[in-house]
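Visitor: Pasting a structure here, questions to come.
The values are calculated or read from the model by the stated rules, or taken from the named source; none is laboratory data. Remember, predicted model here, so these are calculated numbers, not experimental data. Don't worry about glycine lacking a Cβ; one is built from the backbone with ideal geometry, like all the others, and counts go over all protein chains shown. Remember, those area values only see protein heavy atoms, side chains included, never the ligands or the DNA or RNA. Shrake-Rupley method; radii C 1.70, N 1.55, O 1.52, S 1.80 Å.
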Amino acid sequence: MLKVGLPLGACARSWKSVRMASCGMARRNPLENKVALVTASTDGIGFAIARRLAQDGAHVVVSSRKQQNVDRAVATLKGEGLSVTGTVCHVGKAEDRERLVATLWEDPARQESIKATFQIKRIGKPEECAGIVSFLCSEDASYITGETVVVAGGSLSHL
């Protein structure tokens, strides 16, 4: 019985380490002296990623198509004491992306059908995507190469 306890204890310690790294508890400022340019980062997942990278010590440059969005995001993050600047940046056809996104959430029936495909039966929060991005940018992930990390609530990847 002692032999079973040792591997389980080691597994639990390893899992705790992964959880701590994901939430920024493992060490302070793992992204210190790095600059992160995050596109489409004034709202939603992009904003959550920008915030998390800045919380982990990076200087973050947020961007958006509209200056007012950039100004709002920069003010919010600077108000939290984070190192951030911003710039206007057009990436592709924004109208098409906005229409697409406004269509997988304004329709309640569509939202429910999407949630039904997820194993956890809910739509994810932007902050739930930010931790893995920060981890992959940190030295903790320096030995990880060429991997695909799917953050999709248990739904199947379509890469």
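Visitor: State yes or no: is residue 116 exposed (fewer than 14 other Cβ atoms within 10 Å of the Cβ) and at pLDDT 85 or above?
Guide: For residue 116, the condition - exposed (fewer than 14 other Cβ atoms within 10 Å of the Cβ) and at pLDDT 85 or above - is not met.
Visitor: Restricting attention to the range 33-59, report how many residues are in contact with a Leu (Cβ under 9 Å, 6 or more places away or on another chain) and among the small types (Gly, Ala, Ser).
Guide: 5
Visitor: Give just the number: which of (1) open to solvent by less than 60 Å² (accessible area, probe 1.4 Å); (2) modelled with pLDDT of 90 or more does residue 111 not satisfy?
Guide: The number of the failed condition is (2).
Visitor: Separate question: Looking at the range 86-94, can you tell me whether even one residue there is at pLDDT 95 or above and either within 15 Å of the chain's Cα centre (by Cα) or over 28 Å from residue 140 (Cβ atoms) (or both)?
Guide: no
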